[in-house]
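Report on the structure given below.
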Amino acid sequence: MAINDARYSLMCYADGSVIDDIFLYRVAGASWWVIVNASNRKKDVEWMQTHAVGMNVSVTDISDDTYMLALQGPQAQAILQRLTDLDLATVKFHTCAQVTVAGVVTLLGATGYTGEYGYELFFPAAQAVALWNAILEAGKPEGILPCGLAARDSLRFEPCLPLYGHEIHARVDPISARLSWAVSFKKGDFSGREALLKIKLEGPAQRLVGFEMVERGVPRAEYPVAIAGQVVGVVTTGMKSPTTDRFVGLAYVPAASAAVGSQIDIVIRDTPKKATVVKTPFYVAAYRR
């Protein structure tokens, strides 16, 4: 990675299953920031520290001293530009920059994980309230609003971005989760390489698919997926998509039933409801079309 690069990646166990999905930022000097899921912080840090033994690297957990805010949406750049002297047009997608925002020294990542254009800001926790208020004040002309986790979940779901604990976890591998693009077999050895190469060459037993309800019903996480009356998989995320006004979901199904157009049943309150495997993502933001 070049300095100021940012990259989505995965940490895997030896069997290829996912410890966590992460974002890496390479900043000036011999330094990288590793952004983990908060619920996985303890195990992630222990995993990295264990594998750092004997290597010329140190791993320091700065979570307690660091705050992160995500500013997402079509107006994110215009709003944030009022608070920094850096020309944000120069911060390309999946890069980062060390800047001052509203007087606060900040690591700025153009790595929004909602499917919309936006930024993630990392800065001293002691400045959290001041920067939160400054952003809300700067965004008043555009009608900026705080966003709860349920709303953020629907945002990442519509463009089919995986969420740890749902689409990826310690019982599934990146190939099955359609994250092969985030796995490079050309970079040398890494934890899980041999297991993942075997899955890639032989083909996964299951695949993550998108589906749309044919019969009336709201799919939810953990609902069974059935074919010909037999349970063959599980829904990982499902809801009425606010943007597309469709009842859709993501689910794991046998690889043989993963093609677009395949017919499956979603078992809702013990009743099978017809659904069809459809093309993903469900929604593409305007800036990526």
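The values are calculated or read from the model by the stated rules, or taken from the named source; none is laboratory data. What you are looking at is a predicted structure, and each value in this text was computed from that prediction instead of being measured. Positions of Cβ are backbone-derived with ideal geometry, glycine not excepted, and every protein chain shown enters the neighbour counts. For the accessible areas, the whole protein counts, side chains as well, though only heavy atoms, and no ligand, DNA or RNA atoms are used. Shrake-Rupley method; radii C 1.70, N 1.55, O 1.52, S 1.80 Å.
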Review point. Of Ala2, Met213, Tyr25, which is farthest on the positive side of the dipole of the chain, counting Cα position, with +1 on Lys and Arg Cβ, -1 on Asp and Glu Cβ, and the Cα centre as origin?
Key: Met213
Exercise for review: With a/c under 1.5 counting as rounded, go ahead and sort the range 153-200 into rounded, prolate or oblate using the C-alpha gyration tensor (a ≥ b ≥ c being the square roots of the eigenvalues; past the cut-off, prolate if a/b is larger than b/c, else oblate).
Suggested key: prolate
Check your understanding: Check Val234: other-chain or 5+ apart residues with amide H under 5 Å from its amide H, H built from backbone geometry?
Key -> Val225, Tyr252
Exercise for review: Could you work out how far the C-alpha centroid of the range 74-120 sits from that of the range 5-72, in angstrom?
Suggested key: 21
Review point. So what is the 222 nm mean residue ellipticity for the chain from helices alone, if each DSSP H run of at least 4 adds -39500 (n - 2.57) and you divide by all residues, rounding to the nearest 500 deg cm²/dmol?
Key: -5000 deg cm²/dmol
Check your understanding: Classify the range 190-289: rounded, prolate or oblate, from the alpha-carbon gyration tensor (a ≥ b ≥ c, eigenvalue square roots; a/c under 1.5 rounded; otherwise prolate if a/b is larger than b/c)?
Key -> oblate
Review point. Just by accessible area at a 1.4 angstrom probe, what is the order of Asp44, Asp61 from largest to smallest?
Key: Asp61, Asp44
Revision key, fill the gap. With every protein chain kept in place and a 1.4 Å probe, the range 48-98 has an accessible area per residue in Å² of 65
Check your understanding: For the range 1-119, what % of the accessible area comes from carbon and sulfur atoms, probe 1.4 Å?
Key -> 54
Review point. Arg82 versus Asp153, label points 7 Å from Cα toward the beta carbon: distance in nm?
Key: 3.2
Check your understanding: Per-residue accessible area for Glu116 at 1.4 Å probe radius, Å² rounded to 10?
Key -> 30
Revision key, fill the gap. FRET efficiency (Lys200, Thr100; Cβ distance; R0 45 Å; to 0.05) is 0.55
Revision key, fill the gap. Heads up, the chain by the C-alpha gyration tensor (a ≥ b ≥ c square roots of eigenvalues; a/c under 1.5 rounded, else a/b over b/c prolate, else oblate) looks oblate
Check your understanding: In a shell of Cβ-Cβ distance under 13 Å around Val45, excluding Val45 itself, what net charge do Lys and Arg (+1) and Asp and Glu (-1) give?
Key -> -2
Study note, to complete from the structure: If the label point sits 7 Å along Cα→Cβ of Ala38, residues of the range 133-176 with amide N under 12 Å come out as 148-150
